[in-house]
Amino acid sequence: MTHARMSVAELETFLNREFPQAFSHGDIAIESADGRTSLLRQRYSDRMLRPGGTVSGPTLMALADFAMYVVLLSAIGPVALAVTTNLNINFLRKGQPGQDVVAVARLLKLGKRLAVGEVSLLSGTSPDPIAHVTSTYSIPMT
C-alpha cells in the first residue's frame, strides 16, 4: 500500500525544474519513494573521494539530506520550500572507492510543521551502513 503524494516520475520532474543544481547532473537516481521511505543511489565518481581514498563526508551528508527531501516530498507533495532544520550524521565505516552509495531514508514522524526521519548510507552491495543520519525538516505553512 502506497502513501505517496508524488510518484518517482513526478519527483524527478519537480526536482529537475525546482532544484536542478542538486539533481540534474544525473549522478543521483531515485529508485523508489512511497511516502514513507525512499531509496536513492549516487553513482560512483572520483569526485566523491577525499584524500586517503574514502568517500567524503560532504558527499554523504548531501546524499542523506537529499534522500530525506525526496521521502518528504513523496509524503507531502510538491512543497519546494521544505528545508532542513537539523541533520546529525554518525560515520560508521569507510565508504569504498569504486562503489555507488545507496541512501535508504525513512520518515519517523510527519507532523504539520516538522518531519523527522533517518537515513542509512550503504557502500556498494554491503549490508553494513557506512553512516547513519537523523534529520528534521521544517514544512512551510501553505
Checklist entry - Considering every Cα-Cα pair within region 8-138, what fraction, in whole percent, is farther apart than 21 Å? => result 35 percent
Checklist outcome for this item: Phi angles of region 18-23, converted by Karplus (6.51 cos²θ - 1.76 cosθ + 1.60, θ = phi - 60°) into ³J(HN,Hα) in whole Hz with x for Gly and Pro, give 9, 9, x, 5, 9, 10
Checklist outcome for this item: Neighbour-count ranking for MET68, MET48 (other C-beta within 10 angstrom, fewest to most) reads MET48, MET68
Item to check | Average Cα contact separation per residue, region 49-142, under 8 Å, 6 or more apart, as relative contact order % | outcome: 33 percent
Checklist entry - Could you give the semi-axes, largest first, of the ellipsoid that matches region 12-82, computed as the square roots of 5 times the alpha carbon gyration tensor eigenvalues and rounded to whole Å? => result 24, 13, 10
Checklist entry - Once you treat every alpha carbon in region 57-96 as an equal point and sum by Debye, what is log10 I(q)/I(0) at q = 0.18 Å⁻¹? => result -0.57
Next on the checklist: Amide H of GLY95 versus every other amide H placed in the peptide plane: which residues, excluding those fewer than 5 positions away on the same chain, fall under 5 Å?
Outcome noted: VAL55
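All of the numbers you see were taken from the coordinates with simple rules; none came from a lab. Note that the structure is a prediction, hence the values are computed from the model and not measured. We place every Cβ from the backbone using ideal geometry, glycine too, and count neighbours over all the protein chains shown.
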